[in-house]
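None of the figures in this text is laboratory data; all of them are computed from the coordinates on show. The shown structure was predicted, so the numbers you read here are calculated from the model rather than taken from an experiment. No Cβ is skipped: glycine too gets one built from the backbone with ideal geometry, and neighbour counts run over all protein chains shown.
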Ligand code: SF4
Ligand code: FES
Ligand code: FES
């Protein structure tokens with residue numbers, strides 16, 4: 001079993017894949033914006049950087065993608081780390097001045113947002129962390145993706161047209177740290193922005209309540225053989241139907 | 001007809017390594033740009049998400065998602081050519097063709113673009129039209145060069 005030294009303390013690797021995982025386990029705070037324990041690391045925001053002292057290429061490295069290997073020595077809060085993090089968060093503030101997570105983190109890192117923001121031509125909250133892209137990909141729809149590069153880089157549906165592959169699962173909403181993704185219900189339709197997606201909501205055959213996006217139900221059935229809406233019932237009505245069936249089985253004659 | 005061509009192109013690039021990129025290159029060669037319907041066919045044929053195809057297609061400056069003219073005029077704006085007045089050439093060409101950089105002439109004959117170093121700095125300033133490279137070119141030569149290509153140069 002290997003050991004990693006973090007901030008002068010030797011800790012066992014114990015199945016952790018990255019330095020970030022170990023730091024989290026050991027209660028050492030490292031700021032992150034593009035990491036989610038359920039999704040593959042991507043190394044986009046660079047805020048999680050640490051300073052490698054030995055055991056790997058010395059210098060700054062993103063801890064979320066830095067493999068935890070035996071003999072690695074890292075420091076998570078050196079002046080160099082602090083300085084670089086400040087630069088990074090300042091850049092993010094410039095890009096997404098309205099994103100609360102960015103503002104909060106800036107404050108935590110001792111960076112004051114400029115009183116007067118130079119209004120970007122197209123303000124956005126998106127910090128290009130790519131969490132939504134990875135979430136969409138792992139669900140199996142890949143309705144959205146990164147497009148263009150450099151200053152034009154953007155997360156969008158192909159050709160900027162309504163995301164046809166969107167299942168309405170809203171995993172992107174769950175993982176987006178900035179609130180850039182918003183789904184709203186209008187009638188029996190679920191609309192997702194900025195993906196320009198629109199999906200139909202399935203109606204419960206018994207009570208008529210809208211309970212799940214139709215494409216999601218179909219996708220789960222097709223891909224995982226998981227038919228959670230087989231009887232076309234919402235969870236509530238399904239529970240009732242199950243209870244009734246159960247009662248009938250174990251207490252025959254109890255009904256009516 | 002589109003999808004027959006796409007299928008043929010995909011079939012001729014069986015190596016999974018870097019497949020999407022070579023397929024897109026072949027498509028750009030065949031249509032001179034990457035038409036939307038064709039990219040949709042590519043995603044289907046390669047069985048990969050359209051968002052990935054779109055991501056790669058928009059990442060590389062060498063790909064165009066807009067129709068391009070029959071001849072592509074690339075003005076080098078790399079460091080060496082910039083120093084030798086690349087801006088002037090773009091301006092002259094814009095005037096001669098009646099379009100701006102990045103646009104295509106109405107007759108579909110020319111597209112004008114600016115590129116970074118073409119890799120032959122010793123010849124700077126450099127202009128390339130399709131496969132023909134013009135080195136140490138002088139601004140006064142522009143009208144004549146354009147006239148040659150209008151007159152059918154490179155048509156065989
Ligand atoms: S939309 Fe949200 S989750 Fe997606 S890249 Fe932007 S900030 Fe990240
Ligand atoms: S959390 Fe590591 S780069 Fe964003
Ligand atoms: S800068 Fe133009 S060829 Fe290199």
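Could you check the simple spin-label distance between residue A:245 and residue B:48, using points 7 Å along Cα→Cβ, in nm with one decimal?
Rounded to a tenth, the inter-label distance reads 4.4 nm.
Which of B:82, B:71 comes first, and how do the rest follow, when ranked by fewest Cβ neighbours within 10 Å?
Result, fewest neighbours first: B:82, B:71.
What is the Cα centroid distance between segment A:141-158 and segment A:185-229, reported in whole angstrom?
With segment A:141-158 and segment A:185-229 each reduced to a Cα centre, they are spaced 25 Å.
When the chain is fully extended, how far beyond the present Cα-Cα distance does residue B:141 get from residue B:8, taking 0.36 nm per residue of separation?
43.7 nm
In nm, to one decimal, how far is the modelled label at residue A:231 from the one at residue A:78, with both set 7 Å along Cα→Cβ?
6.3 nm
Would you work out if segment A:31-137 is rounded, prolate or oblate? Take a ≥ b ≥ c from the square roots of the eigenvalues of the alpha-carbon gyration tensor; rounded if a/c is under 1.5, else prolate when a/b is larger than b/c, oblate otherwise.
Oblate, since a/c reaches 1.5 and b/c is not below a/b.
Under the classification rounded if a/c is under 1.5, otherwise prolate if a/b is larger than b/c and oblate if not, where does segment A:131-240 fall, given a ≥ b ≥ c as square roots of the Cα gyration tensor eigenvalues?
The shape class here is prolate.
Can you tell me, using C-alpha contacts under 8 Å and at least 6 residues apart, the relative contact order of chain B as a whole percent?
That works out to 19 percent.
Can you give the % of DSSP beta bridges in segment B:71-150 that are antiparallel, to the nearest 5?
Looking only at bridges with both residues in segment B:71-150, the antiparallel portion is about 55 percent.
Roughly what angle does helix A:214-224 make with the longest principal axis of chain A, taking Cα atoms, 0 to 90 degrees, to the nearest 10?
80 degrees
Can you pull the three principal axis extents for the Cα set of segment A:1-59, in Å, largest first?
Computed over the Cα atoms, the extents are 26, 24, 18 Å.
In deg cm²/dmol, rounded to 500, what helix-only [θ] at 222 nm does the protein assembly as shown give when every DSSP H run of at least 4 residues adds -39500 (n - 2.57) and the total is split over its residues?
About -10500 deg cm²/dmol.
Using Cα-Cα distances under 8 Å and only pairs 6 or more residues apart, what relative contact order does chain A have, in percent?
It comes to 11 percent, rounded to a whole number.
Semi-axes of the equivalent ellipsoid of segment B:3-59: what are they in whole Å, largest first, if each equals the square root of 5 times a C-alpha gyration tensor eigenvalue?
Each semi-axis is the square root of five times an eigenvalue, giving 14, 13, 11 Å.
Fewest to most neighbouring Cβ within 10 Å: what's the order for A:78, B:90, A:249, B:58?
If I rank by nearby Cβ atoms, fewest first, I get A:249, A:78, B:90, B:58.
Please report the spacing between the Cα centers of segment B:80-106 and segment B:23-59 in Å, no decimals.
One Cα centre to the other: 29 Å.
Out of all DSSP beta bridges in chain A, what portion is antiparallel? Express it as a percent rounded to 5.
Beta bridges within chain A, antiparallel portion: roughly 95 percent.
Take every Cα-Cα pair in segment B:71-150 and report what % of them are more than 16 Å apart.
41 percent
Please give the residues of segment B:50-94, grouped as numeric ranges, whose backbone N is less than 15 Å from a label point set 7 Å along the Cα-to-Cβ vector of residue B:148.
Counting only backbone N, you get B:72-74.
Taking Rh as the Kirkwood radius computed over C-alpha pairs, what is the Stokes-Einstein D of chain A at 37 °C in a medium of viscosity 0.692 mPa s, expressed in µm² per second?
It diffuses with D of about 153 µm²/s by this estimate.
Of A:135, A:106, A:54, which is the most mobile in a GNM of chain A whose springs link Cα atoms less than 10 angstrom apart?
So, out of A:135, A:106, A:54, the one fluctuating most is A:54.
Averaging sequence separations of C-alpha pairs under 8 Å and six or more residues apart, then dividing by the length of segment B:3-59, give the relative contact order as a whole percent.
That works out to 36 percent.
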